[in-house]
1. Starting from the 7 Å offset along Cα-to-Cβ, what nm value, one decimal, do you get for the label separation of Asp72 and Ile215?
2. Working out 0.36 nm times the residue gap between Val55 and Ser81, then minus their Cα-Cα distance, what length gain in nm do you get to one decimal?
3. So what's the angle, to the nearest 10 degrees on a 0 to 90 scale, between helix 5-36 and the longest Cα principal axis of the chain?
4. Per-residue accessible area for Asp165 at 1.4 Å probe radius, Å² rounded to 10?
5. Calculate how steeply helix 94-122 sits against the longest principal axis of the alpha-carbon atoms of the chain, using the helix alpha-carbon long axis, and give the answer as 0 to 90 degrees to the nearest 10.
6. Using 12 Å as the cut-off for backbone N distance, which residues of region 116-149 belong to the label zone defined by a point 7 Å from the Cα of Thr38 along Cα→Cβ?
7. Divide by every residue of the chain the summed helix terms, -39500 (n - 2.57) for each DSSP H run of at least 4, and state the resulting mean residue ellipticity at 222 nm, rounded to the nearest 500 deg cm²/dmol.
8. Quick check: the angle from helix 58-68's long axis to the longest principal axis of the chain, C-alpha only, nearest 10 degrees?
Amino acid sequence: LFGRGRFLDSISTTTIYAFTAVTCEAILGLAIAKLFNTRALLAKWCRPVILLPLVLPPLSVALMWTTLMNPDTGVLNYFLSFIGINDFGWISKADTALFAVVFIDVWTFTPFFVLIIFAGLRGISPEILEAARMNGAKAWGVFFRVELPMVLPYIILAALFRLIDSLNQFDIIFGTTQGGPGNATNVLSISAYFTAFQNLQFGRGAAVMIVNWVIVLVSALVMVKLWRHTRKRVS
């Protein structure tokens with residue numbers, strides 16, 4: 001396997017896809033959870049619909065976004081034309097396909113981060129926040145020095161589950177690009193599927209998934225150690 005350039009490209013694509021998606025979801029999830037923890041009117045409007053992407057089947061999400069991202073008839077390019085961006089390739093071009101599937105993943109699974117981080121924010125004792133304000137801490141100081149360190153274990157826990165899922169992602173990519181155009185989105189799970197069930201090379205396909213399992217295992221162990229370290233700091 002490691003003597004094939006296409007396999008090494010699949011490893012690179014898998015790691016870029018997973019870590020980029022999880023990082024974006026963590027940042028957006030933290031921002032939205034912080035908004036939900038306020039009394040802002042926008043928060044009241046958004047709370048009932050934030051879970052909508054999570055309850056949709058991933059393959060249905062993929063088909064929906066495939067329609068929206070169609071370069072000729074998709075509504076996304078219609079809106080982009082208002083700001084001077086014409087003929088954006090989305091999933092139809094190799095240089096934008098990976099960005100497009102990461103975008104779909106972020107839209108679908110950011111609410112997962114929002115739920116967990118929001119629970120962490122609600123679990124912070126009001127006395128701790130009030131003590132920080134009485135000591136002269138401003139809003140940003142309270143967030144970065146009190147709230148963020150205390151919810152960091154929740155963020156890492158959510159990232160652990162999402163990283164495992166993203167490294168094994170199949171439905172969204174298969175439903176949109178099937179690993180293309182070319183090999184732009186040919187992650188390990190897609191590569192293993194086509195190797196085993198289309199080319200009928202079951203041994204090679206199983207070997208690809210074993211390598212994928214090793215990557216997931218190593219990543220999960222690192223995240224667990226990081227989670228334990230952050231738990232000790234806030235306990």
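1. 3.4
2. Values: separation 26, 0.36 × 26 = 9.36 nm, distance 3.11 nm.
Difference between extended and current length: 6.3 nm.
3. Between the helix axis and the principal axis of the chain, the angle is about 30 degrees.
4. 70
5. Computed tilt is about 30 degrees.
6. Answer for region 116-149: 139-140.
7. On the way: 12 runs with 166 residues, N = 235.
It comes out at -22500 deg cm²/dmol, rounded to the nearest 500.
8. 80
The values are calculated or read from the model by the stated rules, or taken from the named source; none is laboratory data. This one's a predicted model, so the numbers in the text were calculated from it and none came from an experiment. Cβ atoms come from the backbone with ideal geometry, glycine included; neighbour counts cover every protein chain shown. Note: areas computed on protein heavy atoms with side chains; ligands, DNA, RNA excluded. Shrake-Rupley method; radii C 1.70, N 1.55, O 1.52, S 1.80 Å.
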